[in-house]
Amino acid sequence: MREFRTVGVVGLGTMGAGIVEVFARNGLRVLAAEVDAEAVERGRVHLETSTARAVGRGKLTQEAADELIGRITTTTSLADLAEADLVVEAVPEHLDLKAQVLGELDRVCRPDVILASNTSSLSVTELAVRTGRPGKVVGMHFFNPAPVQKLVELVRTVVTEPDVIEDARAFAASLDKVPVVIGDRAGFIANALLFGYLNHAARMYEARYATREDLDAAMRYGCGYPMGPLALLDLIGLDTSYEILDTMYRQSRNPLHAPAPILKQMTTAGLLGRKSGRGFYTYA
Ligand code: CAA
C-alpha cells in the first residue's frame, strides 16, 4: 500500500482549489500548481474565502485555518511537484491540455506515483496512453463543492493496475470521502444520470414551461433535492455543463444528452453561472 503524505494538484479553478482544500484539511502537505502568478492568486483567494467561511460558521478555528493554508505551497512550475506521492490534475476539460499536463507530470514524478485526472467526461484511457505509465493513471472525480460533496468516482481503464485502484480507493476513504469505482465511459455514474435531468430542466425553461424559480422549487420542495436544476447548472457552470453533455452525446447519441441550445447560447454570451456572476440567476 502506497503512503500519501505530499500530494500535488494542478489547476486552481473551482474544482482544483476545492480539492486542495480537501487535502489540506486532512493534514496532507499540498503542492499546488497553476499556469501563472495571477491564476495562483485567484486560487489562493478561493481557498482563503472558503476557509474564512468555515471559520465564520464556527466549523474551523482561525488557528486551524492558518495551519491548513500553511500546508499549501503554490508554484507555477510542474517540476516543483517532483516530491508528490500522488498528483491530481484539475485543469480545463480539453483532452490535449490534460494530456500535456499528465505527460509532463509523468516526466517529473517518481515512476510509482499515481497520476489522477479530475476529468468529468473525457476518456481516462485516452489520457492514460499519452503517458509512459498508463497502468498508473486513474480518474479521480470530485464533485462541486469538493469540500462538501462526499462522492469520489474512481475511474479504472482496461490497463489500470489493480493495486493502483485499491490504493486510490483507500486514499479517498482516508479523506472521509465515499469512493465508487467505475469503468471508463463518458459521464461515469453520477453525471450520466444527473445530466439528462439537468438538460431536460434547461429545455423546460427554454420553452417557457415554467419560471426558473418554480422549476427549481418543484425539485427542492417536491423531491427533496438540495438545490433546483437551474441553480445547480449555475453552480457547475454552463460551459462545463455544455461540454459534459456534448461529450456524452457524441459518445452515445442518446437524445437525452443532446445539449439544450440555451446552454450553448448562454455560454457563448458569457453567462456561465456563479463563476461569471450571471447564469440562470444573477449573483452579487
Ligand atoms: N465551498 C466549501 N464549502 C461550501 C461551499 C463551497 N463552495 N458551499 C457550501 N459549503 C458548505 C458550507 O460552508 C456549509 O458547511 P457546514 O455545514 O460545515 O457549515 C455547507 O456546505 C452547507 O452550506 P449552506 O448552508 O451555505 O448551503 P446549503 O445547505 O444550501 O448547501 C450545497 C449548499 C452544499 C451547495 C447544497 O445545496 C448541495 O449539496 N447542492 C447540490 C450540489 C451538487 O449536486 N453537486 C454536484 C454537482 S455535479 C458535479 O460536481 C460533477 C461534475 O462533474 C460537474
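Please treat every number below as a calculation from the coordinates, not as lab data. Keep in mind the model is a prediction, meaning the values are calculated, not measured. All Cβ positions, glycine included, derive from the backbone under ideal geometry; neighbour counts span all protein chains shown.
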Fully extended contour minus Cα-Cα distance, from residue 217 to residue 126, at 0.36 nm per residue: 28.8 nm
Label-to-label distance, nm, for residues given as residue 178 and residue 148 (7 Å Cα→Cβ offset): 1.6
Residues whose placed amide H lies under 5 Å from that of residue 140, excluding near-sequence neighbours: 117, 118, 119, 155
Karplus-derived 3J(HN,Hα), 6.51/-1.76/1.60, for each residue of the stretch 166-180, Hz, glycine and proline x: 5, 5, 5, 5, 5, 5, 4, 5, 5, 8, 6, 9, 10, x, 10
Nitroxide proxy distance, nm - points 7 Å out along Cα→Cβ at residue 36 and residue 75: 2.1
Long-range Cα-Cα pairs in the stretch 12-81 (distance over 20 Å), rounded percent: 22
Calculated from backbone phi, Karplus (6.51, -1.76, 1.60) coupling profile of the stretch 256-270 in Hz, x at Gly/Pro: 4, 9, 5, x, 4, x, 4, 5, 5, 4, 5, 5, 4, 7, x
All lysines inside 16 Å of residue 136 as judged from Cα atoms, apart from same-chain residues fewer than 8 positions distant: 98
Cα pair distances exceeding 16 angstrom across the stretch 153-212, given as percent: 59
Rg(Cα)/(2.2 N^0.38 Å) for the stretch 175-280, N = residue count: 1.09
Using θ = phi - 60° and Karplus 6.51 cos²θ - 1.76 cosθ + 1.60, couplings along the stretch 99-111 (whole Hz; Gly, Pro as x): 5, 5, 5, 5, x, 5, 4, 4, 6, 8, 8, 4, x
Candidates 40, 159, 88: whichever shows maximal mean-square fluctuation once the chain is modelled as a Gaussian network with Cα springs under 10 Å: 159
Chain lengthening between residue 2 and residue 66 when straightened (0.36 nm per residue, less Cα-Cα): 20.2 nm
Relative contact order %, the stretch 134-271, counting alpha carbon pairs below 8 Å whose residues are six or more apart: 18
Per-selection Kirkwood Rh - the stretch 6-183 (Cα, Å, 1 d.p.): 16.0
